[in-house]
Number of protein chains: 4
Amino acid sequence: MVVIMRPDAPNEEIIRLKERIEKENCIVNLVQGENCCILGLIGDTTVIDKDKIEANEYVDRVMKVQQPYKKANRLFHPHDTIIDVNGATIGGNKIAMIAGPCSVESEEQIIEIAKSVKESGAGFLRGGAFKPRTSPYSFQGLRLEGLELLKLARKETGLPIVTEIMSADMIDRFVQDVDVIQVGARNMQNFELLKELGKTKTPILLKRGLCATIEEFLMSAEYIMAGGNENVILCERGIRTYENYTRNTLDISAIPVLKRLSHLPVVIDPSHSAGMWWTVEPLSKAAIAAGADGLIIEVHNDPANAKCDGQQSIKPDKFKSLMGDLGKIASIDGKTI
Amino acid sequence: MVVIMRPDAPNEEIIRLKERIEKENCIVNLVQGENCCILGLIGDTTVIDKDKIEANEYVDRVMKVQQPYKKANRLFHPHDTIIDVNGATIGGNKIAMIAGPCSVESEEQIIEIAKSVKESGAGFLRGGAFKPRTSPYSFQGLRLEGLELLKLARKETGLPIVTEIMSADMIDRFVQDVDVIQVGARNMQNFELLKELGKTKTPILLKRGLCATIEEFLMSAEYIMAGGNENVILCERGIRTYENYTRNTLDISAIPVLKRLSHLPVVIDPSHSAGMWWTVEPLSKAAIAAGADGLIIEVHNDPANAKCDGQQSIKPDKFKSLMGDLGKIASIDGKTI
Amino acid sequence: MVVIMRPDAPNEEIIRLKERIEKENCIVNLVQGENCCILGLIGDTTVIDKDKIEANEYVDRVMKVQQPYKKANRLFHPHDTIIDVNGATIGGNKIAMIAGPCSVESEEQIIEIAKSVKESGAGFLRGGAFKPRTSPYSFQGLRLEGLELLKLARKETGLPIVTEIMSADMIDRFVQDVDVIQVGARNMQNFELLKELGKTKTPILLKRGLCATIEEFLMSAEYIMAGGNENVILCERGIRTYENYTRNTLDISAIPVLKRLSHLPVVIDPSHSAGMWWTVEPLSKAAIAAGADGLIIEVHNDPANAKCDGQQSIKPDKFKSLMGDLGKIASIDGKTI
Amino acid sequence: MVVIMRPDAPNEEIIRLKERIEKENCIVNLVQGENCCILGLIGDTTVIDKDKIEANEYVDRVMKVQQPYKKANRLFHPHDTIIDVNGATIGGNKIAMIAGPCSVESEEQIIEIAKSVKESGAGFLRGGAFKPRTSPYSFQGLRLEGLELLKLARKETGLPIVTEIMSADMIDRFVQDVDVIQVGARNMQNFELLKELGKTKTPILLKRGLCATIEEFLMSAEYIMAGGNENVILCERGIRTYENYTRNTLDISAIPVLKRLSHLPVVIDPSHSAGMWWTVEPLSKAAIAAGADGLIIEVHNDPANAKCDGQQSIKPDKFKSLMGDLGKIASIDGKTI
């Protein structure tokens, strides 16, 4: 951590601050620049509160040197993490393909789609039971009934199931019923939920918040890991920008950046990213080409009658042909799909 | 709602879509433009799912005419809402001044600050007991002990207390102990929490999410109101933009915009907005000048030792002199402070 | 164009507005909704000024139906445009690879790099002579001397040259010396420059502004095309977002979106997008996988001593190996490189 | 400047980099942290190219300590700059009120509005002759004829005139005819134009680019000042964010921030900020309350028939009543209007 003092900071205030910081077990190097004085902090600065130092009126700015996350940090864990999901894997040489409808609507629907995506080569089934909707007047999901239907589809196809949790009181049920628990973008900083999930061992697919920085995203992963659950999968799903032709802007650079900063697997959601069915194919191909460990794609057998997100779902035959192309791209990096 | 068809949409598809929409009790006007056909929908279109229509491959875009919120909408409720908080009010001619520390730290601290802000004219005491922190390694608040200390401070000063809730399992306790329940920016779209709060009657101070649009903000208020609790106070606290000299960018225009679209009171948080103590004064004055119904300000007697947000807290004497200026600005619009 | 009246708009004002719009040769359909009245405009609405209508105090909002660009619009020009650059092409089945240093530094440097990228298969040479720099104290390019060196490199290798223009007074010189004139992101809305370039016939590589919407980007292309020069190449180079780990955020979705809305070729700049050498490779692969017509890449033989943008330049051997991978990805779509 | 090395940086590479930097007349302090090594640079680091250092593959990040602008920097020029405009002033205790139509349309129009705003107390007349328009099909201004009409209005009222320049070839004419030359947001980084304006002595009203950071904004001012013209007025006019209910988002915090970082006067444009006539009044009041040195406001006698920006113009009587309120707010800080 580097503390830049204001040019008008009196010497005694600088010394006072230096001594205060040293009490937190850091060594402080004092460097006198041309116009101002700089304090260079050495030691475990993750325990030092940047805001507290910035509250000092003689401090101009504080700059972090060390990343504030530890367990998610590749620096202390150089090898890629491969997450085991009841025998299937996320991370490593096999691309994880997670496919299925936005929301579970009926037994017939979820089983038909599950069979179809499995046939095309998907490794996991997605489907929303609890649905976060912007409007209180929109369909909120089949909830517990939806969970039961997902279990039926798993029984039928053998595909592990991935579904979203929306509140901590459902954790016991999810741990029992679900293979991968998804935390949605809007709950990425629901810290009470993250803490509770940290007490389980179930793999967590953590979606990046709509306007979360890479660092905040990794800090939310850190919340879960610090609690004891290191099975975290990072999912980029488009961020909010000024551009509104697309619903969100897929931050494709997040793939190499996250993989450089962290050892956790990175999965892309090409459906929510732009929010339009006709961009799913090019974005999926781009994600695999850029090194993503997997994709989570909305597939629906009848998008125009889907209860939600029909506009960004692709049909099963489109998914099938896409799988072919993705396999070719993956093979360039020596991966399979 | 207006549906714009693609130029290549076959006539029979347009007719099919028209008929499908008419089943949802809307009248559909078909207007043939130069290059494409447009459907104009009349009736209660809040029940119609925009995404579902956009899933039709012959639809180019869907544009909403009607605002999707009803209870929060000034159109159906032309007069300003004034919220009663055990005799005190938010909204109307008296500016609501909510002041206090970022977090409750000790009995001495909270009582000293409470007395001081009361003396300067504040009408409400703020103070965090449950703290949402980006890092799992940062101080997470005194939690239930913090709530007890707030109650002591209320007893001592008579000031109603405003504090943040972070999970639905605390609602009963908050309803019993707290005068205004705050929902933080990171939980603005924690829909399960909003639904539960809708079942109470306690006033809710709802903070705008870091990247929530005005419409999404009002839809979150709508969630609470649709549940039966119409005592919602809107709080703008800075949004995330590309500019990072300031922590967030105060969207000052949100004041006139929210007041035009909704009848709910609008409060500004000048502390989190820019995140620096020296911008609190100018932003507070700007907010009152622009027509805000109140302010929620972080005041701390020893910012450099505050357990959080010290860098954006002002000292009691600064708060006192600020109150004087704010009173003069308020009086221009015939308001008091 | 759809005009939404305010609910309180008096009938005579609606009629007055309707008549005023009809004078501009549009047919106006009046649709009475539940809460407000809507005017649907038919005809060539690109001549109607949205702002003028919104100035009417009884108008709530105006929504455009028709895209405001004509010559750049795929609707009126369904087939992909292929731009001829003295025999080479941009657009079509052969991916255009434009490579070279950020800025021309010396004869030796530009010729060495030109030979090297040609050997690896690049089809065009890039190199900055006039450099837009944020600081007046930074290297501003070799300017006219740089142009001469580019011409030498072209003579030596046969590669057509692409370089940036910064002011209209240089147009004659550029038309004479350069094969493709680049308009930088910061000049995307330098309308006087665009108008003058519209009078030439030289291909223009138009970079998207740092915060230009897709529509504004296409309107800037329209400026050039409306002047008579239809040889415009669109270049996405990263947009500005709240995320600042990367310099900019590559809007990868812009590729399918631009290709759907327009017939012009789309080229990606993976170097400026994230601004870091180690993201160039994954972003290049992603761009080709998503359907880009070409790439413009910074290659430098000694990045650590480059006069600018060294941090985002790759070395010649990296470029060579990248070309191999890109060829494989391109072939999946039946393209060559 | 602080250079953070990667944890895997070999010692000899660190030494090599240290020596290279020392050749640029900086002293380099080497601090060995827990996981990585840090170089602290002392001296005039504005000449050191951050990008060049970041091109070194063993460098993790470079952080600037010193602001890169000198002439615009309050550090080296502690007192507020007051700009003299032929006897009138911008900066200091008298608020500069610049008012007039978006564009000059006719002799009658400009003279009528000029008289009216003067009567209400405006000190300067604004009016566009050269108009930057997103669409090539929109009204582009009366251009030279517009300049002549502005001169007539000045003759009639005595108000100094402020108008926008769009290309460097017009500078001689503007220097001769105009009192304050405006550089529009879209030309804030038209560096060739800035350099040429730096050679004049005419006051420049420099508008912040739509997505320019505070630092980039001050660097553009620095371009003009470095050329020799220190008469620069900074104008915040709204930035581009994800929120699109308003056309732009007024960055009200920019007022205290710019005034802390720089000695140059700060003027706010409340018309372009949100882009709607009904937000002009609250935003104007907020700007003065937050400490702005002036306002530039669009006033039109017939907004609904204005040739541009009618939707964000206020009428003369509204301007008059606004002036009254602004005077009261200004007086709280001991200023006049």
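The values are calculated or read from the model by the stated rules, or taken from the named source; none is laboratory data. It should be emphasised that the depicted structure is a prediction, and the values quoted were computed from it without experimental measurement. Cβ sites come from the backbone with ideal geometry, for glycine too, and all protein chains shown count toward neighbours. Ligands, DNA and RNA are stripped out before the accessible areas are found, and what is left, the full protein with its side chains, is counted by its heavy atoms. Shrake-Rupley method; radii C 1.70, N 1.55, O 1.52, S 1.80 Å.
Here is how the numbers come out for the structure above:
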{"read-out": "Given (1) in contact (Cβ under 8 Å) with a residue 24 or more places away in the chain; (2) in contact with an Asp or Glu (Cβ under 9 Å, 6 or more places away or on another chain); (3) of a type in the set (A, V, I, L, M), number of the condition C:Met1 does not satisfy", "value": "(2)"}
{"read-out": "Residue that is nearest to D:Gly40 (Cα to Cα), among those in the stretch A:24-82 that are of a type in the set (A, V, I, L, M), within 14 Å of chain B (Cβ to nearest Cβ) and buried (at least 18 other Cβ atoms within 10 Å of the Cβ)", "value": "A:Val62"}
{"read-out": "Selection status of A:Thr89, touching a helix residue (DSSP H, G or I) at 6+ places or on another chain (Cβ under 7 Å) and without any contact (Cβ under 8 Å) to a residue 24 or more places away in the chain", "value": "no"}
{"read-out": "Search result, residues across the stretch D:282-318 that are over 24 Å from D:Ile111 (Cβ atoms) and either within 14 Å of chain C (Cβ to nearest Cβ) or outside any helix (DSSP H, G or I) (or both)", "value": "D:Ala290, D:Gly291, D:Ala292, D:Asp293"}
{"read-out": "Residue count for the stretch A:257-281, restricted to those that are touching a Gly at 6+ places or on another chain (Cβ under 8 Å) and either assigned to a loop (DSSP other than H, G, I, E, B) or under 13 Å from A:Leu326 (Cβ atoms) (or both)", "value": "5"}
{"read-out": "The stretch C:208-232 - residue that is touching an Asp or Glu at 6+ places or on another chain (Cβ under 7 Å) and more than 10 Å from chain D (Cβ to nearest Cβ) and, of those, farthest from C:Phe174 (Cα to Cα)", "value": "C:Ile214"}
{"read-out": "Among residues of the stretch A:225-246, those that are within 30 Å of D:Arg240 (Cα to Cα), of a type outside the set (Ser, Thr, Tyr) and at pLDDT 95 or above, counted", "value": "8"}
{"read-out": "For B:Arg240: the one exception among (1) more than 21 Å from B:Gly128 (Cα to Cα); (2) surrounded by 24 or more Cβ atoms within 10 Å (Cβ to Cβ); (3) more than 10 Å from chain A (Cβ to nearest Cβ)", "value": "(3)"}
{"read-out": "Single residue of D:Glu119, D:Glu105 found to be more than 16 Å from D:Ile296 (Cα to Cα) and either aromatic (Phe, Trp, Tyr) or away from chain C (no Cβ under 14 Å) (or both)", "value": "D:Glu119"}
{"read-out": "Complete set of residues in the stretch C:50-100 that are among the charged types (D, E, K, R) and within 18 Å of D:Ala274 (Cα to Cα)", "value": "C:Lys50, C:Asp51, C:Lys52, C:Glu54, C:Glu57, C:Asp60, C:Arg61"}
{"read-out": "Hits in the stretch A:98-123 - residues which are under 23 Å from the mean Cα position of the chain (by Cα) and surrounded by fewer than 24 Cβ atoms within 10 Å (Cβ to Cβ)", "value": "A:Gly123"}
{"read-out": "Subset of the stretch B:112-163 [of a type in the set (Lys, Arg) and farther than 21 Å from B:Leu322 by Cα]", "value": "B:Lys131, B:Arg133, B:Arg143, B:Lys151, B:Arg154, B:Lys155"}
{"read-out": "Every pair of residues 6+ apart whose Cβ atoms lie under 9 Å, when the first sits in the stretch D:55-68 and is over 18 Å from A:Cys36 (Cα atoms) while the second is of a type in the set (Ser, Thr, Tyr)", "value": "D:Ala55/C:Ser313"}
{"read-out": "Residues of the stretch C:319-337 satisfying the condition of being part of a helix (DSSP H, G or I), open to solvent by 10 Å² or more (accessible area, probe 1.4 Å) and either more than 11 Å from every other protein chain (Cβ to nearest Cβ) or at pLDDT below 90 (or both)", "value": "C:Lys320, C:Ser321, C:Met323"}
{"read-out": "C:Asp179 being touching a Phe, Trp or Tyr at 6+ places or on another chain (Cβ under 8 Å), more than 17 Å from C:Lys71 (Cβ to Cβ) and at pLDDT 95 or above", "value": "yes"}
{"read-out": "Subset of the stretch C:48-97 that is within 30 Å of D:Ser103 (Cβ to Cβ) and aliphatic (A, V, I, L, M) - its residue that is farthest from the chain's Cα centre (by Cα)", "value": "C:Val59"}
{"read-out": "All positions within the stretch A:173-206 that are over 11 Å from the mean Cα position of the chain (by Cα), aliphatic (A, V, I, L, M) and farther than 14 Å from A:Phe130 by Cα", "value": "A:Val175, A:Val180, A:Leu193, A:Leu194, A:Leu197"}
{"read-out": "Extreme residue, nearest to A:Glu54 (Cα to Cα), among residues of the stretch A:12-29 that are acidic (Asp, Glu) and modelled with pLDDT of 90 or more", "value": "A:Glu13"}
{"read-out": "Residue ranges of strands (runs of 3 or more DSSP E) in the stretch C:30-148 with at least 2 members closer than 30 Å to C:Val267 by Cα", "value": "C:83-85, C:88-90, C:96-100, C:124-126"}
{"read-out": "Flag if C:Cys235 is within 12 Å of chain D (Cβ to nearest Cβ), touching a residue at least 60 places away in the same chain (Cβ under 8 Å), buried (at least 24 other Cβ atoms within 10 Å of the Cβ) and hydrophobic (A, V, I, L, M, F, W, C)", "value": "no"}
{"read-out": "Options B:Gly238, B:Gly198, B:Gly184, B:Gly291; residue that is farther than 28 Å from B:Ala330 by Cβ and among the small types (Gly, Ala, Ser)", "value": "B:Gly198"}
{"read-out": "So D:Pro101, is it without any contact (Cβ under 8 Å) to a residue 12 or more places away in the chain and in the same structural domain as D:Ser284 (by TED's automatic domain parsing)", "value": "no"}
{"read-out": "Candidate set from the stretch B:178-202 (those that are closer than 19 Å to B:Ile90 by Cβ and among the charged types (D, E, K, R)); member that is least open to solvent (accessible area, probe 1.4 Å)", "value": "B:Asp179"}
